[in-house]
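First up is the structure itself, then whatever we jot down about it.
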């Protein structure tokens, strides 16, 4: 009787858990389809109308007294930071402040630590270490920005083919190109956040009345991905020639899948070449040693005493 009661209680708990899980999943799907986040009420995309001016007096002084006073240099730095995900207008100023702070702060920290430790380094060695830390402070922010930009670019390149397939499905289902940007951006918000952010920004610009070609070209510039640039060129040329967007996107989607397969095959073919280095350096000496060890033992026990004139047992 006790076992029967336990089985009944267990089945009830399982059924209640499954029902709650289905209800939570249904609620999350509804919120995602309505364009809402499950646990936050703010959008992921940046505001469409964004000023490029700096209002803070200190930031304006930094901008005017550094290399940011040059318009071309400021635009170049702003684009590099935008590729890394820092598209705020004050990002170039903060980058300059951090770079200058590291270039000055790291040598000062080293000099202070050296004095507290009793001056272990002195003279020429102290100056060399201070200069090396100053150079590291100047180079590290640029390397970090380049690394973040490369990681963001690779992630966007991996996410784009899946979003393109969904866009082809939406257009074939009867949606327009503008509506497909909105729909795909909502559907892939959790699994592909970078593409969802870019598609959401494009849809906002289109709703604001901007030309589709200009909005798509800006998306290609922000992402700096070859596949997206080719996609933008395809859309612009298709609209200019009056061809079918659905057929063009279907063909381009097939080509993207083939390109993705070829890249995966290329990475798989690189594995034997990469494995040859640890095999030669780690495994091959062990194999050669294990094969040569019996012969070396025989030489030591038999051949060397025979050559020395000693009888062998």
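Here, each number is a calculation from the coordinates, and none is a lab measurement. Keep in mind that this is a model prediction, so the values were computed, not measured. Using ideal geometry, Cβ is built from the backbone for each residue, glycine included, and neighbour counts are taken over all protein chains shown.
Available extension along the chain between residue 5 and residue 229 is 74.2 nm, counting 0.36 nm per residue and deducting the alpha carbon span.
By the beta-carbon count within 10 Å of each Cβ, the least crowded to most crowded order of 180, 65, fewest first, is 65, 180. For the range 71-122, a Kirkwood radius taken over Cα pairs fed into Stokes-Einstein (10 °C, viscosity 1.306 mPa s) yields D = 122 µm²/s.
Ranked by how many other Cβ atoms sit within 10 Å of their own Cβ, fewest first, the residues 88, 192 fall in the order 88, 192.
Peptides 253-259, 151-157 ranked from most to least packed give 151-157, 253-259, packing being the mean of other C-beta atoms within 10 angstrom over each peptide's residues. Set against the labelled values (i) 61; (ii) 30; (iii) 39, percent of Cα pairs over 31 Å apart computed from this structure falls on (i). A simple spin-label model places pseudo-atoms 7 Å from Cα toward Cβ; at residue 87 and residue 276 they are separated by 4.4 nm. Model label sites at residue 147 and residue 25, defined 7 Å from Cα along the beta-carbon direction, differ in position by 3.9 nm. Extending 7 Å from Cα along the Cβ direction at residue 98 and again at residue 260 yields two label points whose distance is 3.2 nm.
Highest-first packing order for the peptide set 266-275, 109-118, 129-138 is 129-138, 109-118, 266-275, based on the mean count of other beta carbon atoms within 10 Å.
Two numbers describe the Cα atoms of the range 247-313: Rg and Dmax, which are 27.7, 90 Å. Once the convex hull of all Cα atoms in the range 156-262 is built, its volume per residue stands at 92 Å³.
Against the compact-protein benchmark of 2.2 N^0.38 Å, the Cα-based radius of gyration of the range 78-230 scales to 1.53.
Counting neighbouring Cβ atoms within 10 Å and putting the fewest first, the residues 95, 261 line up as 261, 95. Average 1/r across all pairs of distinct alpha carbons in the range 65-152, invert it, and you get the Kirkwood radius: 14.5 Å.
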